């Protein structure tokens, strides 16, 4: 919905790309990432979000896939980081807030591994938020103890948007 309302501004060729990128980062991306902090993210989710983001960015720049311009080049022009990194940053920021709470706080008593009642269906077991967070921590080489030092934690998880 946000995307359709902003299309007039984002398609205007007189608007600088950096300004379009700033608008995208402040209005469109937060709407896309709403709620991702508590998803048990699969590769399929990340891929769909990435494809949607790149279609929007190409459209903003006035390019099509036929122009054969690399995704990194378009992201660099607009000044936008990959959405996968921003999803990871959101999850870890939320995880840091939860870990800083006292151990008897209700949010700390929540189980990340949500058990499903009844018989499990065929196929691979469902991915849990706990597994996703463990993978994120491993990817950035972090530990749960690091959440107590706010400045260090924020600097480790922050994904910087590229500038031209």
Requested in this report: Please give the contour-minus-distance gain from residue 68 to residue 103: 0.36 nm per residue of separation, less the Cα-Cα distance, rounded to one decimal in nm.
Outcome: 7.4 nm
Report summary line: Compactness check, the stretch 2-81: C-alpha Rg relative to the 2.2 N^0.38 Å globular estimate gives 1.11
Query raised in the report: Using a Förster distance of 22 Å, how high is the FRET efficiency between residue 155 and residue 44, based on the Cβ-Cβ distance and rounded to 0.05?
Result: 0.10
**Report entry** Cα gyration tensor of the chain - equivalent ellipsoid semi-axes, whole Å, descending
**Finding:** 34, 20, 14
Query - Length added when fully stretched, residue 11-residue 138, from 0.36 nm per residue minus Cα-Cα - result: 41.8 nm
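Any read-out appearing in this document is the output of simple, stated calculations on the displayed coordinates, not a laboratory observation. No experiment lies behind these values; they were computed from the predicted model shown. Glycine also receives a Cβ, built like all others from the backbone with ideal geometry; neighbour counts cover every protein chain displayed.
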